[in-house]
Amino acid sequence: MSGFKEESLSGKTAGASQNGHEGREITPPGRRSFLGLILGAGAATVGVLLSAPLFRFALHPIFKATVPLKWTEVGEVKDFTSAKGPVQRYVKIEQRDGWRKVVTEKVLYVCKDPSGKFSTFSSICPHLGCSVAWHDEKKNFICPCHNGQFTSDGKLLSGPPPRGLDLLDCKVEDGKLMVHYQYFRQLVPNKEVLT
Ligand code: FES
């Protein structure tokens, strides 16, 4: 008698688990988890697609190279009119580095040819990057590190530098001399801009 009860109870339980309560069909667990997986993957994809522009905007400055601003004022043109040789000038160069604006001070030389045309030279030696200086008594630029020497118009005279001094773009605007400061690769025979 008790064996019969147990059998009929277990038979009821088995019937309920297959057909569900009140005759509704229950989705098998494997199918449920598969649908859940599809829905989850869809939601994740939509989330990634929507957030991609935000990430790109936020991270853009990290991957962008450090960029100097295009033109920097060197001084009033009248300050150089009576110069007899290269004139040393310190200029403040603004660069955007990631989210920060970085201001550094650089040395350059302003030269003027007999026709009054200006040229500007970086003071960074193209050999190993020491600062060259104008020596008025010798009428040339000399690098103190390995005695590289350059003429007043930047040509290589002697020493280990692989090329002459690097010319920087300059222009006159509203009575002011402006320079486009750039960095150049050292130890190479031809001028190469570093970005
Ligand atoms: S760094 Fe200028 S000559 Fe070597």
Would you check which residues across the stretch 164-183 are buried (at least 19 other Cβ atoms within 10 Å of the Cβ) and within 16 Å of the ligand (Cβ to nearest atom) and list them?
L165, D166
Condition broken by I142, with the remaining ones in (1) closer than 18 Å to K191 by Cα; (2) surrounded by 15 or more Cβ atoms within 10 Å (Cβ to Cβ); (3) within 14 Å of the ligand (Cβ to nearest atom); (4) of a type in the set (A, V, I, L, M) satisfied
(1)
Restricted to the stretch 97-118 and to residues being charged (D, E, K, R) and surrounded by 12 or more Cβ atoms within 10 Å (Cβ to Cβ), the residue modelled with the lowest pLDDT is D97
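Yes/no matrix, rows are residues, columns are (1) in contact with a Cys (Cβ under 9 Å, 6 or more places away or on another chain); (2) away from the ligand (no atom under 16 Å from the Cβ); (3) at pLDDT 95 or above:
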{"site": "P61", "(1), (2), (3)": "no, yes, no"}
{"site": "L69", "(1), (2), (3)": "no, yes, no"}
{"site": "Q88", "(1), (2), (3)": "no, yes, yes"}
{"site": "Q95", "(1), (2), (3)": "no, yes, no"}
{"site": "T120", "(1), (2), (3)": "yes, yes, yes"}
{"site": "H127", "(1), (2), (3)": "yes, no, yes"}
Being part of a loop (DSSP other than H, G, I, E, B), on the phi > 0 side of the Ramachandran plot and within 14 Å of the ligand (Cβ to nearest atom), is that true of even one residue in the stretch 98-107?
no
In this structure, does P114 turn out to be in a loop (DSSP other than H, G, I, E, B) and within 16 Å of the ligand (Cβ to nearest atom)?
no
Which residues, counting only those in the stretch 152-195, are basic (K, R) and either not assigned by TED's automatic domain parsing to the domain that holds S119 or not in a strand (DSSP E or B) (or both)?
K155, R163, R185, K191
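The values are calculated or read from the model by the stated rules, or taken from the named source; none is laboratory data. No experiment lies behind these values; they were computed from the predicted model shown. Note: ideal-geometry Cβ built from the backbone for every residue, glycine included; neighbour counts use all protein chains shown.
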